[in-house]
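The values are calculated or read from the model by the stated rules, or taken from the named source; none is laboratory data. In this text the structure is predicted, and so the values were computed from the model without any measurement. Cβ sites come from the backbone with ideal geometry, for glycine too, and all protein chains shown count toward neighbours.
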Amino acid sequence: MKTLNEQMSIFDIIINHDTETKIIEPPAVSEPVKTGKPKVGGDALCPYPIPTVKEIMKLIDNSTYRINKSKLISDVFECGALAISNKVDFTQYDEREKRYLEIIKTYKPDEQKLIVDIFTKIFCLCSSVVYDDGCFDDYLGELFMKCNQGNKKAGQYFTPYNVSKMMAKITITDDKIDKDEILTINDCCCGGGGMLLAALDVLKNDYGVNYARNCFIDAGDIDIRCVHMTYLQLSLAGVPALVKHQDVFSRELWSIWKTPAFIFQYHRFNKYLNLN
């Protein structure tokens with residue numbers, strides 16, 4: 001993610017560090033980082049301490065005396081989504097870069113750094129699912145609800161992750177999995193992407209499916225904040241996906257967000273590029 005003078009690469013965050021900042025180096029294999037997360041197994045240990053939702057909330061709460069919490073978390077999600085999109089989806093670069101600058105210019109330099117700090121932790125947490133000691137969860141959905149972002153009038157309450165995972169286990173069965181073909185998953189009211197992540201969790205850990213290669217997700221929501229959250233979580237998990245800002249009933253489509261894994265494998269998944 002970037003402020004006005006900083007830039008982020010798609011899977012490596014590059015941030016200007018002051019002289020007192022300690023850069024965490026990947027640990028030796030014999031001394032893996034203790035993350036507090038349950039180890040699933042294997043050798044691909046996460047090379048950095050995995051942040052928690054509690055740590056991110058502490059960072060947000062310590063700063064919201066001067067910044068509106070609702071606006072801050074929405075802008076973090078949107079700027080993060082824009083930053084990732086603009087590294088891979090050049091067809092929408094100009095419009096999305098303009099939107100990014102509109103948001104970031106409303107903050108003072110120290111507040112811009114706060115946005116970067118929050119997103120850095122979100123980036124590390126959400127991308128940790130690709131490591132053997134990372135765990136799937138609806139992290140951004142949890143952040144969203146803890147920041148009181150849910151629309152009570154619209155009945156916007158995100159499904160707890162353990163319930164989503166139970167539903168995924170019931171729905172996904174051996175007869176529906178052919179590892180030689182692409183598995184498609186759809187959620188037209190995706191919220192923060194919790195049910196989609198639960199499905200990936202079951203496919204990866206119960207059935208050994210390489211979802212980065214053999215899954216395609218078509219997601220959408222009428223709430224643009226949910227679109228940004230789902231796009232972030234799927235992008236950082238390495239999932240080929242299209243996330244649409246769309247009214248599922250009228251079929252009106254406002255924008256479409258293509259994850260890096262979709263763009264990098266475009267020729268395998270372009271047949272799913274249905275914008276109607």
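A Cβ distance below 6 Å, combined with a sequence gap of six or more or placement on separate chains, defines the contacts here; from the stretch 210-227, residues that are within 21 Å of residue 183 (Cα to Cα) reach residues that are part of a strand (DSSP E or B) and among the charged types (D, E, K, R) in the pairs 219/187; 220/244.
If you go through the stretch 58-76 and keep only what is buried (at least 17 other Cβ atoms within 10 Å of the Cβ) and within 23 Å of residue 230 (Cα to Cα), you end up with 60, 69, 72, 73, 74, 75, 76.
Which residues, taken from the stretch 179-201, are surrounded by fewer than 21 Cβ atoms within 10 Å (Cβ to Cβ) and out of contact with any strand residue (DSSP E or B) (no Cβ under 8 Å at 6 or more places or on another chain)?
Once the filter is applied, which keeps residues that are surrounded by fewer than 21 Cβ atoms within 10 Å (Cβ to Cβ) and out of contact with any strand residue (DSSP E or B) (no Cβ under 8 Å at 6 or more places or on another chain), the stretch 179-201 yields 179, 180, 181.
Scanning the stretch 193-243 for residues that are closer than 24 Å to residue 75 by Cα, assigned to a helix (DSSP H, G or I) and not hydrophobic (A, V, I, L, M, F, W, C) yields 194, 225, 228, 230, 231, 233, 235.
Name the residue that is farthest from residue 161 (Cα to Cα), counting only residues in the stretch 44-58 that are assigned to a loop (DSSP other than H, G, I, E, B) and in contact with a Cys (Cβ under 9 Å, 6 or more places away or on another chain).
The first filter runs over the stretch 44-58 and keeps only residues assigned to a loop (DSSP other than H, G, I, E, B), leaving 44-52.
Okay, now just the ones that are also in contact with a Cys (Cβ under 9 Å, 6 or more places away or on another chain), so 46, 48-51.
Numbers: 46: 22, 48: 24, 49: 22, 50: 19, 51: 18 Å.
Of everything passing the filter in the stretch 44-58, 48 is farthest from residue 161 (Cα to Cα).
Taking the stretch 187-239 as the range and being among the β-branched types (Val, Ile, Thr) and over 20 Å from residue 122 (Cα atoms) as the test, the residues that pass are 202, 209, 217, 222. Restricted to the stretch 236-276, and to residues there that are over 19 Å from the mean Cα position of the chain (by Cα) and among the basic types (Lys, Arg), the residue that is nearest to residue 218 (Cα to Cα) is 271. The number of residues in the stretch 144-173 that are modelled with pLDDT under 80 and either part of a helix (DSSP H, G or I) or within 12 Å of residue 199 (Cβ to Cβ) (or both) comes to 3.
For the stretch 241-276, the set of residues classified as surrounded by fewer than 12 Cβ atoms within 10 Å (Cβ to Cβ), farther than 20 Å from residue 224 by Cα and either of a type in the set (S, T, N, Q) or in contact with an Asp or Glu (Cβ under 8 Å, 6 or more places away or on another chain) (or both) consists of 270 only.
Evaluated against (1) modelled with pLDDT under 95; (2) in a helix (DSSP H, G or I), residue 106 falls short on exactly one condition, (2).
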